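The values are calculated or read from the model by the stated rules, or taken from the named source; none is laboratory data. Here the structure is a predicted model, which is why all the values come from computation and not from measurement. For neighbour counting, all protein chains shown are included, and Cβ atoms are generated from backbone atoms with ideal geometry for every residue, glycine included.
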Amino acid sequence: MPEAKPAAGQDGEGPRTLQIELQTPYGSIKGNLAVPPGSVRLSELAWNAMAIDEKLVGMAVAAEAKQGRLVSCQKGCGACCRQAVPLSPAEAFMIADVVAAMPPDRKLATLGRFAAAKESLQAHGFGDRSLGGAASEEQVLGLGLDYFRLGIACPFLVEESCSIHPNRPSACREYLVTSPAAHCGDPANKPIQSVPTAGSLTEALSKLSALVLGGEPGVIPMTLALEWAMANREAGRERYDAAFLLASLVEFLGTTGGKEKAAPQA
């Protein structure tokens with residue numbers, strides 16, 4: 001289990017650091033993590049946590065490369081952007097912040113794509129196909145394949161490239177493949193080999209969100225993230241001690257383990 005605690009002598013004023021030690025299947029991550037001063041919203045915590053995710057993903061990619069398995073993902077390959085990308089509540093708030101900060105014309109176009117995606121989902125009855133926490137892996141993968149078959153692009157996909165790539169959520173950062181990129185467009189018939197991650201930030205952020213918001217950990221599909229964030233905007237404005245959130249997040253990351261990201265399968 002990881003250990004996380006405020007650095008000795010820090011009283012919350014000025015710069016703060018968090019001493020962390022996170023064990024992963026690819027080795028340990030040790031060091032001091034900068035803590036934002038004072039309190040933060042969940043969206044801000046999610047954004048700050050992306051640096052940890054980049055480290056975890058980098059370790060997994062390096063381990064795969066040592067075995068001769070190189071990441072085949074490349075610009076212009078948007079197949080994974082037609083999957084039901086899961087966001088933690090914290091990341092849904094983060095994505096809402098990203099859209100809110102866009103220039104008016106770009107924001108209008110993005111909101112239009114979100115509206116079109118929701119309309120398509122409703123037309124195909126996906127509003128009645130939510131799965132509870134007891135759903136089997138087979139049910140989850142089956143729903144994911146059905147979603148993929150609809151061909152609904154992520155609202156941020158523009159000309160087959162991610163228009164918010166530096167601000168993309170953890171599920172997008174963690175989903176990488178070493179199988180031929182062409183296979184991703186036909187997951188029902190072509191084998192897809194994903195990079196086993198050293199931990200799931202999506203899962204850890206979902207647990208953290210449940211800790212502070214109440215309820216059970218859950219995820220929101222990317223296409224419905226703005227609608228969810230709007231419906232829960234008051235919760236999104238709440239602020240929490242940054243050191244407490246980061247320490248809790250590191251603890252949760254220590255329980256997600258390493259796993260291979262599942263692609264939609266027939």
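Overview of values
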| quantity | calculated |
| --- | --- |
| Residue ID - farthest from the chain's Cα centre (by Cα), chosen from residues in region 49-83 that are in a helix (DSSP H, G or I) and of a type in the set (Gly, Ala, Ser) | Ala65 |
| Verdict on Ala171 being surrounded by fewer than 16 Cβ atoms within 10 Å (Cβ to Cβ) and under 23 Å from Phe126 (Cα atoms) | no |
| Failed item in (1) surrounded by fewer than 22 Cβ atoms within 10 Å (Cβ to Cβ); (2) aromatic (Phe, Trp, Tyr); (3) modelled with pLDDT of 90 or more, with Tyr147 passing the rest | (3) |
| Residue under evaluation Pro196, criteria (1) farther than 18 Å from Ala63 by Cβ; (2) surrounded by fewer than 21 Cβ atoms within 10 Å (Cβ to Cβ); (3) touching a strand residue (DSSP E or B) at 6+ places or on another chain (Cβ under 6 Å), criterion not met | (1) |
| Condition broken by Pro166, with the remaining ones in (1) over 17 Å from the mean Cα position of the chain (by Cα); (2) surrounded by fewer than 20 Cβ atoms within 10 Å (Cβ to Cβ) satisfied | (1) |
| Residue count, region 222-255 (criterion: in contact with a strand residue (DSSP E or B) (Cβ under 8 Å, 6 or more places away or on another chain) and either closer than 26 Å to Leu121 by Cα or not in a helix (DSSP H, G or I) (or both)) | 6 |
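Results for (1) modelled with pLDDT of 90 or more; (2) in a loop (DSSP other than H, G, I, E, B); (3) of a type outside the set (Lys, Arg), shown as yes or no for each residue.
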position: Ala116; (1), (2), (3): yes, no, yes
position: Ser120; (1), (2), (3): no, no, yes
position: Ala135; (1), (2), (3): no, yes, yes
position: Gln139; (1), (2), (3): no, no, yes
position: Ile152; (1), (2), (3): no, yes, yes
position: Ser179; (1), (2), (3): no, yes, yes
